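Notes to accompany the following structure.
The values are calculated or read from the model by the stated rules, or taken from the named source; none is laboratory data. Quantities reported herein were computed from a predicted structural model and do not represent experimental measurements. Neighbour counts are summed over all protein chains in view; Cβ atoms, including those assigned to glycine, are modelled from backbone coordinates with ideal geometry.
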Amino acid sequence: MIEVVDITRTYRIGESSVNALNGVSLKIGQGEFVAIMGASGSGKSSLMHILGLLDVPDTGEYRLMGKKVSGMSEDELAAIRNNVAGFVFQQFHLLTRMSTIDNVMLPCIYSGERGEFRKAALERLDMVGLGQRSGHRPNQMSGGEQQRVAIARALIRDPMIIFADEPTGNLDTKNSHEIMRILTELHEKGKTIIMVTHEQEIAEYAGRIITMKDGRILDDRRKPSAAKQAELPPGELAVAASTLFQPTRMFGFFVQAFQSILSNKIRTLLSVLGILVGVASVIAMMALGTGAKAAMEEQLKSMGSNLLSIRGGSARIGGAAQGSGTVTRFTEKDAEAISELTPLVRRVSGDVTGLGQLVSMDRNWSSSVEGVDYDYGQMRAATPTIGRWFTRQEIQGREKVAILGTTVVTKLFGNLNPVDRVVKINRINFRVIGVAPAKGFSGPRDQDDVVLIPVTTGMYRVLGKNYLDGIFVEVSSAANIEPAKSAIDALIRKRHKVLPSNEDSFNIRDMTQFQQMLSSTTQTMSMLLGSIAAISLVVGGIGIMNIMLVSVTERTKEIGLRKAIGARKADIMLQFLIESVGMTLTGGIIGVLVGVGVSVILSTFAGWAVKTSAFSVVLATSFSVLIGLFFGLWPAQKAAGLKPVEALRYE
Ligand code: ADP
Ligand code: MG
């Protein structure tokens, strides 16, 4: 069944090299019980590793059931190990995170077969007399019991050959004989057993004893009692070079990855913290950003689009007017002249403002009174939702009608509908004809604390001015703003005979500048927050990578064992990737919750405008998955690239 011809194996450590095997030729038949003996360092383990396909010879040929296995790929060898071989090691190599029965079932997840393996695992545990201990952890058992679990694990896939490297090396005499009794039973049931030992007493259980020295076979002796075994017909090797992803296998990996994550709760939590902070800030940032944008758009709408505001005087710096020009006062004629600047200008409204003392029955309130023209309602989105806007006749006739802002309504009328009621403005009776739509705050100023009256009424009856304080102009399109500005500038200079050098006489403010400033401020803020989020995601990712590398090093033996029982490169890789993605995803999900929580707190307590979007949640979550994949890849590759023998040997 097994045939090796003239195999050699040389280990290189730096400059020096050790010839562990110097031309070994050997045939082992179906159903034989072979003990390999020899002094320490004679090459027993090296030979067994090659026979068990854990290692490959440098030269020589190996035939397993007539099939040449030297030259096969690592993954093909792994599949053969899983199907044909069972391993029992001196150090047991059980995974302490899992229960006994899970340890026994472990080779099944690499078999690519579906099914329920618990029953089979329990049967194997019964075989070694540990059926009652299936739920225990390996570290709750004695050495002898652990080795019996390892034997049960070696049997789960019904292998033809059992490889045992010093299976009794760590056990006392009583337990040693118990293990040997089990192995003898298995041999009697037809299993081929290849066992390495350096104890004569243990070797005597075998039917054939091979003695090695310095990498060569010194002696090969069959006991007369041992029947010559029949050779199996060649070509019966069931090589299941099975497909990569099998549903049961995936599920098994998920469970195991989460077991390993949970076995290091504090460490996982700490390493996940970076991702958590990153994701939380992404969520909060986007909530703040969209909230600010929505609030801004609301404000811009109330401001009116393509709006110019012409005021007398200049911008003041430090409270003192710069320069010494006279302040221009505008008249209704100016407004008319500007409105004739078609097609640049669409609508014009002059306005006057002042303070007004308001009285309604027993309540009084002081507010700003604004005299506005007919088009103002359309230009500045001030057309009432309750009641109506002024008529042209009312404006021409200096009628005493008023439209109240919502704050004024609340102060003077509480919950009552103010329409058609009377309010005194600076002792003059006005009839309320409407309530202006709420606009909210612009900075510290409450834009709803205002009373609108016809501009003529404001000038001549209430505020006692014969001039306008300013003129609002709606330009026909955004592209016309600059030409309109210069046309209006020229017009006013001409009408008021202002010298070009005098820049302080009046100014034309462009609301789009204000809009741009607002949007660039919010943009800067989101970029700042975004970069903080990005940095913490990267830092978090590096943290995850670090932990995964530590984890790979810590679990080198585990990886070695998994490979020995048939895990292929992709399997190991998948396991570690699932682990790192599991960590980042956990961090991501907690981060989403924290981020949403922070947004809610900000909006309720600080009164900030926030808006959590499903998009940001999806974005942050998928980003955390990507980070897990990206930063988990290297450690996973490192783990997958380990050689089974070296990994098992790792201390
Ligand atoms: P045994 O199992 O009989 O004690 P081994 O097969 O383990 O012997 O080792 C045979 C020789 O090869 C020893 O001299 C040992 O030091 C050397 N050797 C085994 N494995 C390695 C390795 N991975 N790297 C370097 N030398 C090794
Ligand atoms: Mg050895």
By residue number, the members of the range 616-635 that are crowded, with 22+ Cβ neighbours inside 10 Å, touching a Leu at 6+ places or on another chain (Cβ under 7 Å) and not β-branched (Val, Ile, Thr) are SER624, GLY628, GLY632, PRO635
Identify, from the list ARG157, ARG137, ARG133, the residue that is surrounded by 20 or more Cβ atoms within 10 Å (Cβ to Cβ), more than 16 Å from ligand 2 (Cβ to nearest atom) and of a type outside the set (Val, Ile, Thr).
ARG157
Any residue in the range 342-371 that's in contact (Cβ under 8 Å) with a residue 40 or more places away in the chain and over 27 Å from GLY414 (Cα atoms): show its pairings with residues that are assigned to a strand (DSSP E or B) and of a type in the set (D, E, K, R) at Cβ separation under 8 Å, as long as the two are six or more apart or on different chains.
VAL345/GLU474; ARG346/GLU474; ARG347/GLU474; VAL348/GLU474; ASP351/GLU370; VAL352/GLU370
It is to be established whether one or more residues within the range 206-214 are under 30 Å from ASN103 (Cα atoms) and of a type in the set (Gly, Ala, Ser).
yes
Name the pairs whose Cβ atoms lie under 8 Å apart, with the first residue in the range 489-503 and within 19 Å of VAL475 (Cβ to Cβ), the second part of a loop (DSSP other than H, G, I, E, B) and at pLDDT 85 or above, and 6 or more positions between them or separate chains?
LEU491/LEU341
Would you pick out the residues in the range 446-469 that are surrounded by 22 or more Cβ atoms within 10 Å (Cβ to Cβ) and part of a strand (DSSP E or B)?
VAL450, VAL451, LEU452, ILE453, PRO454, LEU468
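Condition check ((1) assigned to a helix (DSSP H, G or I); (2) in contact with a helix residue (DSSP H, G or I) (Cβ under 9 Å, 6 or more places away or on another chain); (3) of a type in the set (Lys, Arg)) across all residues:
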site: ARG495; (1), (2), (3): yes, yes, yes
site: VAL498; (1), (2), (3): no, yes, no
site: MET548; (1), (2), (3): yes, yes, no
site: VAL552; (1), (2), (3): yes, yes, no
site: GLY566; (1), (2), (3): no, yes, no
Scope the range 145-170; condition touching a helix residue (DSSP H, G or I) at 6+ places or on another chain (Cβ under 6 Å), at pLDDT below 90 and away from ligand 1 (no atom under 16 Å from the Cβ); matching residues
ARG157, PRO159, MET160
Tell me which residues, restricted to the range 404-445, are assigned to a loop (DSSP other than H, G, I, E, B), among the small types (Gly, Ala, Ser) and within 27 Å of ALA294 (Cα to Cα).
GLY405, ALA436, ALA438, GLY440, GLY443
When you scan the range 56-78, do you find a residue that is more than 19 Å from ILE217 (Cα to Cα) and within 9 Å of ligand 1 (Cβ to nearest atom), even just one?
no
